[in-house]
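**Student:** Quick one: the structure is below, questions incoming.
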């Protein structure tokens, strides 16, 4: 590849880690949001109060975008020193994004259960925390690897 063309893609790894993390966050929050709206609709149709705690469940996948941003910032420091790191950005971003996606699916189930019973919020948050931990591990381990460059 011509050097000029290669230079145009120097930021690709850093952009990938943020973009893929954000894609997962958006998908996860969207899935959970649809479940929350369904739970609220059911509550309203039965003249019950709607549980506002569902918003916390919907918001859970959004934190993975922050993790992608943190990794991206470290990668941009290395890019300025001549490292491209496309593979690290792609795989770390995909792992963080998938964590957010699956967390959103868990949050959707939690929205359904909480909307139906009004109980179990802490239990549901524990499960969401478990799926969040995958993204945290990826972020920390990626930062450790980036520290070796």
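**Student:** Sort out for me the helices (runs of 4 or more DSSP H) sitting completely within the range 39-129 that have 3 or more residues that are in contact (Cβ under 8 Å) with a residue 24 or more places away in the chain, touching a helix residue (DSSP H, G or I) at 6+ places or on another chain (Cβ under 7 Å) and farther than 20 Å from residue 21 by Cα. So that I can check it myself, show each step before the final result.
**Tutor:** Values: elements: 54-59, 63-79, 86-117.
The qualifying helices (runs of 4 or more DSSP H) are 86-117.
**Student:** Quick check on my filter: what residues within the range 4-22 are surrounded by fewer than 20 Cβ atoms within 10 Å (Cβ to Cβ) and over 15 Å from residue 79 (Cα atoms)?
**Tutor:** 4, 5, 19
**Student:** Now for a different question. From the list 115, 104, which one is surrounded by 15 or more Cβ atoms within 10 Å (Cβ to Cβ), over 25 Å from residue 149 (Cβ atoms), modelled with pLDDT of 95 or more and within 13 Å of the chain's Cα centre (by Cα)? Show your work before the answer.
**Tutor:** Working: 115 fails: within 13 Å of the chain's Cα centre (by Cα).
Of 115, 104, the one residue that is surrounded by 15 or more Cβ atoms within 10 Å (Cβ to Cβ), over 25 Å from residue 149 (Cβ atoms), modelled with pLDDT of 95 or more and within 13 Å of the chain's Cα centre (by Cα) is 104.
**Student:** Could you count how many residues in the range 130-149 are assigned to a helix (DSSP H, G or I) and touching a residue at least 40 places away in the same chain (Cβ under 8 Å)? Please lay out each step first, then the result.
**Tutor:** Just the residues of the range 130-149 that are assigned to a helix (DSSP H, G or I), to begin with: 130-146.
Subset that is touching a residue at least 40 places away in the same chain (Cβ under 8 Å): 132, 135-136, 138-139, 142-143, 145-146.
Total satisfying the criteria: 9.
The values are calculated or read from the model by the stated rules, or taken from the named source; none is laboratory data. Everything numeric in this text was worked out from a predicted model, so none of it was measured. All Cβ positions, even for glycine, are placed from backbone atoms using ideal geometry, and neighbour counts span all protein chains on display.
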